[in-house]
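Here's the structure, in structure tokens; my notes come after.
The values are calculated or read from the model by the stated rules, or taken from the named source; none is laboratory data. No experiment lies behind these values; they were computed from the predicted model shown. Note: ideal-geometry Cβ built from the backbone for every residue, glycine included; neighbour counts use all protein chains shown.
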Amino acid sequence: MLALPRGAAAVVRGYIDAQPTARWAPAPPPEGDPKAGLDILADPRRAQLLIALAYDKSRATRQKACAHELWTPCPGQAPGRYTTAALHALRLIAHFLPSGEREEETGGAAAGI
């Protein structure tokens, strides 16, 4: 941590020292390379498709997601499952969502509302 630039070190210390109870996702991380989730979020098309897949698991959306390596079709089983990289990306997204408790306490000010 000492090798990080001053600003980055402050951010890291802020996350390590504070750790609010609702900050971290409760489930253990899925196996695989967590950087693959960042690769998905760095590509606007794949990120948009991942969000669409979270809300719409229709056959057409699953086929598009499969073509972009976000969904694993299971032959003979419906509807399939997220790839490991997609699970990492979803966990990263969930990590930065404000908690419901924080919004209630601040009246939406934490979310910029």
Answer yes or no: is there a residue in segment 15-33 that is surrounded by 11 or more Cβ atoms within 10 Å (Cβ to Cβ) and modelled with pLDDT of 60 or more.
-> yes
When only residues in segment 74-93 that are loosely packed, with under 14 Cβ neighbours inside 10 Å and modelled with pLDDT under 85 count, which is nearest to ASP33 (Cα to Cα)?
-> CYS74
